[in-house]
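The structure appears right after this line, and notes come after that.
The values are calculated or read from the model by the stated rules, or taken from the named source; none is laboratory data. None of these values were measured; they are calculated from a predicted model. Cβ placement follows ideal geometry from the backbone for every residue including glycine, while neighbour counts extend to all protein chains displayed.
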Amino acid sequence: MDVVYNHTAEGDRTGPTVGFRGLDGAYYRNTGSGGYVDVTGCGNTVDVSEPQVLRLVMDSLRYWVEEMHVDGFRFDLAPALTRNGPHVDLNGPFLAAVHQDPVLREVKLIAEPWDATGEGYLVGRFPPLWCEWNDRFRDTVRDFWRGRAGGVRELASRFSGSRDLYAVEGRLPLASVNFVTAHDGYTLRDLVTYDEKRNHANGEHNRDGTDDNRSWSCGVDGETDDGAVIALRHRQAANMLSTLLLSTGVPMLTAGDERGRTQAGNNNAFCQDNETSWMSWRLDPEWRHLYDLSRTLLRLRSEHRALNQPRASAGHQDVTWLQPSGHEMTEAAWHDPQTTTLGVFLTGDPIGVDAWGDGCRDTSFLLWWHAGAHPVDVLLPASRADHYLEVVRTDAVLTGEKLEPGGTVSLLDRTFAMFAAVSG
């Protein structure tokens, strides 16, 4: 459940008194000069370091778990809750209370690891027990597929669990909640349809909502009947969806993205209680491919350990990064900002051991990302399989034909492809 304990609707000192302010001003962080500290962008910041305020929050959380059987929480602007005095304190009252609580320490704890300040950007810094929204994953995937990534190193890091962010403290890739879209911002369909936000209906002269959308309309800003643009948009949406649902970590899918939901370019639609923000359960035939793709990828992720494990198992290289030629990536290729094509071979034989100490075996998979503006030929490694089968192609209809090892496959511009490597 999404919970917002960091601010209330009372705004700043000039706002209406509708709650805590009528009880005690100590519910909010004060500047000492009659104003409120505002690290939330909402006019006030709830002071969870105050004992009675902390007790209120803890009692509320325990109620949702014990009485309503909630499995866990996503904490909005979580760093605002960690402040002890004016600064972030990861050893402060809130985190300490949660970690010591016999009920809350057993549920899922997910932080939105930033607030409205630079000091409050804590991606990769929350302690064990916590997972975090990984905005580095979001930005990297958006930039890569719109051709603004400056190479493939960042994509490889984000796809394989963001070890640079989480492994330093001994945290597993499960600490990374990977996402491309969220309830704030563009939907997946709008991300490939609009270059500029369209928030005029919100009544703030289009000033609300972020301007840093990292979106690309594929050549025409807004809806169009241009068949080539529509086809590219469908492919781009499928590319990002595939990258997300196969990534190491915890993939987070925004409801409606799997069926092409649109907010008509509005990236801050919380104030729109109408068709703009409502979920339509009617499956739009034009975007049916996203629905089918989501089901396919989630099934594969569930069935295959090779697609659902920490990468680089101890003592065994289960990941090989590839150039289009089929050769392993070189340092020069990793650091070349013009590199737009990346492959990875995920070994399924063996992967770790089972409860009896026997090696676990699974299907191996070959994945290709190609964000270039022109088609490319990629090689199917010869020594890895007896034959290959297409599993996902965002640029073509699957044929079911066996593909020979050592052969090449042509990918259209801006395409994701996945092959199963079959032995025997």
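Give region 76-135 a look and list any residue that's part of a helix (DSSP H, G or I) and among the aromatic types (Phe, Trp, Tyr), or say none. If you could, list the steps in order and put the result at the bottom.
Start the filter on region 76-135 by keeping residues that are part of a helix (DSSP H, G or I), which leaves 78-82, 93-100, 104-106, 135.
Hit for region 76-135 is Phe94, nothing else.
Six or more apart or on different chains, Cβ under 7 Å: which pairs go from a residue in region 102-127 that's under 17 Å from Gly85 (Cα atoms) to one that's basic (Lys, Arg)? Could you list them?
Close Cβ pairs satisfying both conditions: none exist.
If you scan region 368-424, which residues turn out to be in contact with a strand residue (DSSP E or B) (Cβ under 7 Å, 6 or more places away or on another chain) and without any contact (Cβ under 8 Å) to a residue 12 or more places away in the chain?
The answer is Leu398, Thr399.
Yes or no: Arg74 surrounded by 12 or more Cβ atoms within 10 Å (Cβ to Cβ), more than 28 Å from the chain's Cα centre (by Cα), of a type in the set (D, E, K, R) and in the same structural domain as Asn178 (by TED's automatic domain parsing)?
Values: surrounded by 12 or more Cβ atoms within 10 Å (Cβ to Cβ): yes; more than 28 Å from the chain's Cα centre (by Cα): no; of a type in the set (D, E, K, R): yes; in the same structural domain as Asn178 (by TED's automatic domain parsing): yes.
Here the answer is no, as Arg74 does not meet what is asked.
Being in a loop (DSSP other than H, G, I, E, B) and at pLDDT 95 or above narrows it down to one of Asp139, Asp190, Asp143, Asp195, so name that one. Spell out the reasoning first.
On the way: Asp139 fails: in a loop (DSSP other than H, G, I, E, B); Asp190 fails: in a loop (DSSP other than H, G, I, E, B); Asp143 fails: in a loop (DSSP other than H, G, I, E, B).
Within the list Asp139, Asp190, Asp143, Asp195, the selection yields Asp195.
Output yes when any residue across region 42-58 is assigned to a loop (DSSP other than H, G, I, E, B), small (Gly, Ala, Ser) and closer than 19 Å to Gly11 by Cα, and no when none is. Show your work before the answer.
Filtering region 42-58 for residues assigned to a loop (DSSP other than H, G, I, E, B) gives 42-45, 47-50.
Still in the list and also small (Gly, Ala, Ser): 43, 49.
Narrowing the set further to residues that are closer than 19 Å to Gly11 by Cα leaves 43.
Yes; the residues of region 42-58 include at least one that is assigned to a loop (DSSP other than H, G, I, E, B), small (Gly, Ala, Ser) and closer than 19 Å to Gly11 by Cα.
Got a sec? Which of Thr248, Thr262 is within 26 Å of Phe365 (Cβ to Cβ), β-branched (Val, Ile, Thr) and assigned to a loop (DSSP other than H, G, I, E, B)?
That would be Thr248, the only listed residue that is within 26 Å of Phe365 (Cβ to Cβ), β-branched (Val, Ile, Thr) and assigned to a loop (DSSP other than H, G, I, E, B).
I'd like the full set of residues that are surrounded by fewer than 19 Cβ atoms within 10 Å (Cβ to Cβ) and part of a strand (DSSP E or B), limited to region 393-402.
Lys402
How many residues does region 149-182 hold that are in contact with a strand residue (DSSP E or B) (Cβ under 8 Å, 6 or more places away or on another chain) and assigned to a loop (DSSP other than H, G, I, E, B)? Give the steps one after another, and end with the answer.
So the first thing to find is which residues in region 149-182 are in contact with a strand residue (DSSP E or B) (Cβ under 8 Å, 6 or more places away or on another chain), and the list is 152, 155-156, 158-162, 165-166, 174-179, 182.
Then keep just the ones that are assigned to a loop (DSSP other than H, G, I, E, B); that gives 152, 160-162, 182.
Qualifying residue count, region 149-182: 5.
Considering only region 50-72, I want to know if a residue exists there that is touching a residue at least 60 places away in the same chain (Cβ under 8 Å) and not aromatic (Phe, Trp, Tyr).
Going through region 50-72, the residues touching a residue at least 60 places away in the same chain (Cβ under 8 Å) turn out to be 64, 70, 72.
Imposing the further condition that a residue be not aromatic (Phe, Trp, Tyr) reduces the set to 70, 72.
The answer is yes; a qualifying residue exists.
Only one of Ala421, Ala333, Ala382, Ala355 is farther than 22 Å from Thr296 by Cβ, buried (at least 19 other Cβ atoms within 10 Å of the Cβ) and either over 23 Å from the mean Cα position of the chain (by Cα) or at pLDDT below 95 (or both). Can you tell me which?
On the way: Ala421 fails: farther than 22 Å from Thr296 by Cβ; Ala382 fails: buried (at least 19 other Cβ atoms within 10 Å of the Cβ); Ala355 fails: buried (at least 19 other Cβ atoms within 10 Å of the Cβ).
Of Ala421, Ala333, Ala382, Ala355, the one residue that is farther than 22 Å from Thr296 by Cβ, buried (at least 19 other Cβ atoms within 10 Å of the Cβ) and either over 23 Å from the mean Cα position of the chain (by Cα) or at pLDDT below 95 (or both) is Ala333.
So for region 62-71 (the condition being assigned by TED's automatic domain parsing to the domain that holds Gly120, closer than 25 Å to Thr117 by Cβ and at pLDDT 95 or above), does at least one residue qualify? Spell out how you get there, then give the answer.
Residues of region 62-71 assigned by TED's automatic domain parsing to the domain that holds Gly120: 62-71.
Remaining after also requiring closer than 25 Å to Thr117 by Cβ: none.
Checking region 62-71: not a single residue is assigned by TED's automatic domain parsing to the domain that holds Gly120, closer than 25 Å to Thr117 by Cβ and at pLDDT 95 or above.
Within region 392-418, take every residue that is charged (D, E, K, R) and within 31 Å of the chain's Cα centre (by Cα) and give me the one that is farthest from Arg295 (Cα to Cα). Break it down into steps so the answer makes sense when it comes.
Narrowing region 392-418 to residues charged (D, E, K, R): 393, 395, 401-402, 404, 413-414.
Among the residues that remain, those that are also within 31 Å of the chain's Cα centre (by Cα) are: 393, 395, 413-414.
Numbers: Arg393: 15, Asp395: 18, Asp413: 24, Arg414: 22 Å.
My answer is Asp413.
So which of Leu81, Leu122 is farther than 18 Å from Tyr27 by Cβ and either of a type outside the set (Phe, Trp, Tyr) or assigned by TED's automatic domain parsing to the domain that holds Asp184 (or both)?
Leu122
Okay, residues lined up against (1) of a type in the set (Asp, Glu); (2) surrounded by 22 or more Cβ atoms within 10 Å (Cβ to Cβ); (3) more than 20 Å from Asp257 (Cα to Cα); (4) within 18 Å of the chain's Cα centre (by Cα):
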residue: Gly170; (1), (2), (3), (4): no, no, yes, no
residue: Ala175; (1), (2), (3), (4): no, yes, yes, yes
residue: Asp184; (1), (2), (3), (4): yes, no, no, yes
residue: Ala201; (1), (2), (3), (4): no, no, yes, no
residue: Glu204; (1), (2), (3), (4): yes, no, yes, no
residue: Asp208; (1), (2), (3), (4): yes, no, yes, no
residue: Gly219; (1), (2), (3), (4): no, no, yes, no
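From the list Ser60, Ser49, pick out the single residue that is within 20 Å of Arg21 (Cα to Cα), more than 28 Å from the chain's Cα centre (by Cα) and surrounded by fewer than 22 Cβ atoms within 10 Å (Cβ to Cβ).
Working: Ser60 fails: more than 28 Å from the chain's Cα centre (by Cα).
Sole residue among the options that is within 20 Å of Arg21 (Cα to Cα), more than 28 Å from the chain's Cα centre (by Cα) and surrounded by fewer than 22 Cβ atoms within 10 Å (Cβ to Cβ): Ser49.
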